[in-house]
Every structure is written in C-alpha cells, then in structure tokens.
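Bear in mind that the values in this text are calculations on the coordinates, not laboratory data. The structure presented is a predicted model; accordingly, all values stated were derived computationally and were not measured. Cβ placement follows ideal geometry from the backbone for every residue including glycine, while neighbour counts extend to all protein chains displayed.
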Amino acid sequence: MANNPTNDSAVSMTKWQLNGQEVENHAGMTIMEAAKEHGIEIPCFCYHPGLSIAGNCRICMVESNRSHKPVISCSERIAEGLEIETDSEVAVDARNSVMEFQLINHPLDCPVCDKSGECVLQDHSYAHGPDRSRFVEDKNIRHTKELGPDISIWGNRCIVCTRCVRFCDEISGTSELCIVERGDRSVVDVFPEIPIDNQLAGNTVDICPVGALISHDFKYEARVWNMDRIDSVCGGCSRGCNIEVETLDGFVKRLIPRENLDVNDWWMCDEGRYGWRHLYADDRITQATRDGAEQTDSAATDALEELLSESGPVAFLIDPFLTCEELHLVQGLAASRPGSKVGGWLPADGTAASFPSGFQISAAKYPNRSGAEQVFGDQVFGDDAKQLQKSLLSNGFDTVIAFCGGHQSTGPGDSWTQALANTATRIVFSVMNGPWLEGASLVLPATAPIEKEGTWINEDGRLQRTRSCWNPGTDPFAVELVRLQALQHALGLRGRSLSAAGVFRELAAANTAFSGHNHSDLGSPGLLLSERPAAVASDGGTE
C-alpha cells in the first residue's frame, strides 16, 4: 500500500523549490517522499510507506511559502511554485517543540528498553530535540500489560503514532488494536477479551518507532548493536519473504522482514518469524553416525564415499528445502551412475491466507519446489516420486540417499519411511531426529533453511538468494554444499570445490532455465527466472 504514485514515464513532473534549489519530482508525491529522492531526510514517527497517512505526530513539519504556519510534509503534496525549507528557523523550532511534547511523559528507561539502539525517538531526540526538559510535573503513568500471546505493551513509552492500529486495520484486516483515553493519557490497547493474535501480529513490533510494543520472543535477548545481520529469505513457505536474520555469538536471536515490494512488501508472517527455535532443539541432528556409532565430520564424508563407491545405481530422494545449487550437485551424482533414479517428497500443505493489503501466506510450507522442478523436471514430486517409491518397496535399489531437511519438518512421512527402510544401504541427510533414521547405515547432519547458502525459486518464479546465518568459519558440520562436492571429488567427478556462487555458475551453464543469471546480479530483491540480467546467446549459454 504505497502512498506515492509509481515512477511511470506517463506521470507528469512537477517543479518546486527545496531549500532554495529548484527540483523536479513526479506529480502527486508528498513533500517528505519527494525530498527523500533529493537526499533530504525529514524526521517522522507516524509515517510508514506501507500504511495510510495519519499526520498525527507532527515531527515532520517544514516551512512553506503557502502557509503562515509550518506544514506537515508527510501529507502535503508538492505543487508548481511551492517553496519548502526543511532547516529554517521556523521548521527547526517546530520540530524541537514537538520533541519536547513527545518526551514530557516518556520515561528515561533507554538502558533497559529492548528498542534501544533502533529507537526512532532516541535518534530524533538527539538530532532534533532540546538537550534538557523544562517539565517538572509528575508524569502520567499508563498501563503495562500483555496484548496477546506474543506481544506486550509498555504504555509509558507509547507516543500514539497509531502505526500498529493502522496495521491491524489496513494490512492484517483484524482491527484488534485501538486508542483508548484522550490527550496525554492516550495509549494503545486491545478491545476487551480480543487479544492481538493474528498471523501478522509480529509486524506491529517491527513498525513501532519506540519501545512500546515488545515481542515476548526477543525480550531481553540481545542489544541490537551487538548482533550480526544477514540478508536472507524465509524458508517457511513458497512465498519467499525477504528477511533479515540477526544473530549473537552465532546463535539466531530474531528474524525480521526486509522490504521487497515484489514479494512481501515490508511484512512477514508470525509462523516464519518464530519458526526457527527447532535449530536448537534437543532432537536436532548435529553429529554424524554410522550404524549408530558417532563419526567425526571427515570420517563421515569418507564413509559416504566408501558406501557409494561400492554401490551400483543409487536412488536419490530429494526434498523441496534443498537449494538450486545442492540440487545441481545431486543431479551430477545421479547422472554419473547409470540406472539411478531421483524423486522427491513434499511435506503436507498447510493453510493459505490472503490479507486486505494483498500480502499472502502460501499453503506450500517449503521454499524451493519450483527450483527442484527446474533441475529435475516437473514430475520430480509427481510420477517420478511414485516410481521411485515403488522401486524402493520392490527392492529395486540397494542404496538410497535421502534428504530429510526442512522447516520444523516431521520428515518424509510413514510411506517414505517404510520405502527407505527397504534398502540395504540407507544414507540420510537429516535436520531432526525421527523414525526415518532408524536402522540407517549413515546419518549425516543437514542444514535448516536459514543455515543454507544458495538460491531458491519462490511460487512466483522469482530466483532469490538465501544466506547462511552461520558466521564464516564457524560451521558446526560440513554443509551439504561442501559434503556433496567432496563426494564428487572423491568419485572423480570434480576437480575442486566451489562456493555456492561457483556451483550456480555451473548450473547456469548446464541448465538453460538458469542461463544468464548469477549470484551477483540477483541482488537483494532477486529476479524472476524469466528475466535475464545478462545477454543470453542463442544457444542458451551466456555471452
């Protein structure tokens, strides 16, 4: 729900003056957004590009030649002949006065506030507010309470920007939040016996410009300036929401959405947001075992090579959590052994959801079915999977390599577990412990979605990069990308190991669907697979 017209060549242009300079912007833009295009940042609290304009915080006031009083730049539109000053004495005095009013009842609890370090009020207080308060009266005390199962409010910190209220009205369409009381007693609350418990509720914490709304999941977990941040993609469903993974000392602390107007706007669902705790569950597989005995990582790779070198045709059971690069390596192994078969298993679908803003949650609770079908064909989870399962049940293969990763996945299910158990040599890559591992010849730890490095294709056909949450050099075990290349090297199929970007170059050269693409050109938002960032030669290769 963008507040400005699209930058289309058909949209007329408007000339106006900004701080004494004549500038030009698309007609209909607000002063704030137009100024931003020219490198002028005007402070704001209540404004958000994905929400309707409220204009109630008043911090964005500027001086205009068309008004005797300062005007708010978040709602006023540019026009021919308009002259705006953002740093004049009038504008600066207005912003300072607003900041003084905002801080009258605000507590000085920055040292214990979870928003500290990313608080807009802190930033604007430093840049625009007075250095001391003239207020000597008692501050109004407002409620601190749980608003829902995952969110609490510290009412004393609330500046009544109404971002969260507008979000629930306009984006989730659930309208649980409201403003109660009047004047300086106003505060956000929920309607009686109606907690905020919608599928997008966590976004209200993200967009809160102060520390009023706090996530129970992240409370007292870390200071934001101490965490490492990685741009990645959520693996919770086929939507492929862009996210930022924040870690401390190698441990994931929270996931927050990253803006991508082609995929998820500014939002993500709570299932994806909180769906990473299984990374540190007791039944997480982090140690390789052979016939039940623990193996070092290098010994496990040697055992993998030994078991495959002694086998004939191999059955490969893939899953839709593997990256395109990992799938390419599996394809190379399968192609090197005549008679081998590849099929895939899919977790059970969940429930799809659509919201008034257009945001969607996919029923397909896996990130890369499209990528697997591009590499192995559109029947890899259909007829190919049925034939593979039938072959395994009829003792058609002595050796099977199965990938049982996933996003809190319960594994491949009873039918596949039974089929896998019917083979003499069973090699299983798995994230979690489960019945599909019982009696396996070799169990290898597998990476969860946010631990992978590579690319996925979402349900819209958009190729996007997922990046590992692990700090370089701190891998607790060899990831599939490394182990499969080591196996290919041991079998004489590869000269040297490559990074994910290098393996993708091999994939792009071998598969016309990926030709013309590379990791660098994908950038943060990714590209549709059909969009070629580079010139593609007539033979399907890159020029």
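For residue 315, what is the net charge nearby, where nearby means another residue's Cβ is under 12 Å from its Cβ and Lys, Arg count +1, Asp, Glu -1?
Numbers: positive: 337, 341, 390, 426; negative: 384, 398.
Net charge in that neighbourhood comes out at +2.
Quote to one decimal, in nm, the extra length available between residue 398 and residue 216 on full extension: 0.36 nm per residue of separation minus the C-alpha distance between them.
The span from residue 398 to residue 216 would gain 60.6 nm if fully extended.
Which of the peptides 87-93, 211-217 is most tightly packed, and how do the rest follow, going by the mean number of other Cβ atoms within 10 Å of each residue? Before the final figure, lay out the partial values.
Numbers: 87-93: 14.7, 211-217: 22.0.
In descending order of packing, they fall as 211-217, 87-93.
Please state the relative contact order of the chain as a whole percent: Cα pairs under 8 Å, 6+ residues apart? Show your work: numbers first, answer last.
Details: 1085 pairs, mean separation 56.6, N = 543.
RCO, the chain: 10 percent.
So the label point goes 7 Å from the Cα of residue 56 along Cα→C-beta, right? Which residues of the stretch 91-134 then have their backbone N under 18 Å from it?
Once the point is set 7 Å along Cα→Cβ of residue 56, 98-99, 101-106, 121 turn out to lie under 18 Å by backbone N, inside the stretch 91-134.
Find the lysine pairs in the chain meeting two conditions, Cα atoms under 30 Å apart and a separation of 8 or more places or different chains, and report how many there are.
Within the chain, the lysine pair count is 26.
Do any chymotrypsin sites (Phe, Trp or Tyr not before Pro) in the stretch 97-150 lie in a loop, going by DSSP, with at most 14 other beta-carbon atoms within 10 Å of their beta carbon, and if so which? Display every interim value, and only then the final one.
Working: sites: 101, 126, 135; in loops: 135.
In loop regions of the stretch 97-150 (DSSP not H, G, I, E or B), the sparsely surrounded chymotrypsin sites (Phe, Trp or Tyr not before Pro) are 135.
Enumerate the calculated ³J(HN,Hα) couplings along the stretch 151-157 in order (Karplus 6.51 cos²θ - 1.76 cosθ + 1.60, θ = phi - 60°), each rounded to whole Hz, writing x wherever the residue is Gly or Pro.
Along the stretch 151-157, the couplings run 9, 10, 10, 9, x, 5, 8 Hz.
Just to confirm the filter: which GluC sites (Glu not before Pro) across the stretch 426-502 are DSSP coil and have at most 14 other Cβ within 10 angstrom of their Cβ?
Numbers: sites: 438, 451, 453, 459, 480; in loops: 438, 453, 459.
Those that pass, being in a loop and sparsely packed, are 438.
Rounded if a/c is under 1.5, else prolate if a/b beats b/c, else oblate: with a ≥ b ≥ c from the C-alpha gyration tensor eigenvalues square-rooted, which is the stretch 280-528? Numbers along the way, then the final one.
On the way: a/c = 1.40, a/b = 1.26, b/c = 1.11.
Rounded.
Tabulate in residue order the Karplus-calculated ³J(HN,Hα) for the stretch 479-495, using 6.51 cos²θ - 1.76 cosθ + 1.60 with θ = phi - 60°, rounded to whole Hz; enter x for Gly and Pro.
Rounded to whole hertz, the list is 6, 4, 4, 7, 5, 5, 5, 4, 5, 4, 5, 5, 8, x, 9, 8, x.
Taking the Cα centroid of the stretch 243-276 and of the stretch 284-362, what is the distance between the two, rounded to the nearest whole Å?
Cα centres, the stretch 243-276 to the stretch 284-362: 25 Å.
Within the stretch 165-256, which GluC sites (Glu not before Pro) sit in a loop by DSSP and count at most 11 neighbouring Cβ atoms inside 10 Å? Don't jump to the answer; show the numbers that get you there.
Numbers: sites: 170, 176, 181, 193, 221, 244, 246; in loops: 176, 181, 193, 221.
When the GluC sites (Glu not before Pro) of the stretch 165-256 are filtered for loop state and at most 11 Cβ neighbours within 10 Å, 193 remain.
Which value in nm describes the separation of the simple spin-label points at residue 251 and residue 145, placed 7 Å from the Cα toward the beta carbon?
3.3
Once both labels are modelled 7 Å past Cα along the beta-carbon direction, what's the residue 132-residue 229 spacing in nm?
3.5
For the chain, what proportion of DSSP beta bridges, expressed in % and rounded to the nearest 5, is antiparallel? Don't jump to the answer; show the numbers that get you there.
Details: 49 of 69 bridges.
If I count the DSSP bridges inside the chain, around 70 percent turn out antiparallel.
Compute the distance in nm between two label points, each set 7 Å from the Cα along the Cα-to-Cβ direction, one at residue 296 and one at residue 489.
With each label placed 7 Å out from Cα toward Cβ, I get 1.6 nm.
Would you please give the residues with an amide H less than 5 Å from that of residue 455, counting only those at least 5 places away or on a separate chain, with H modeled from the backbone geometry?
324, 325, 466
Would you mind classifying the stretch 110-278 by shape? Square roots of the alpha carbon gyration tensor eigenvalues, ordered a ≥ b ≥ c; an a/c under 1.5 is rounded, otherwise it is prolate if a/b is larger than b/c and oblate if not.
oblate
In deg cm²/dmol, rounded to 500, what helix-only [θ] at 222 nm does the chain give when every DSSP H run of at least 4 residues adds -39500 (n - 2.57) and the total is split over its residues? Before the final figure, lay out the partial values.
Details: 14 runs with 125 residues, N = 543.
When only DSSP H runs of four or more count, the value is -6500 deg cm²/dmol.
Once both axes come from the Cα atoms, what is the angle between helix 324-335 and the longest principal axis of the chain, in degrees from 0 to 90, rounded to 10?
Its long axis makes an angle of about 10 degrees.
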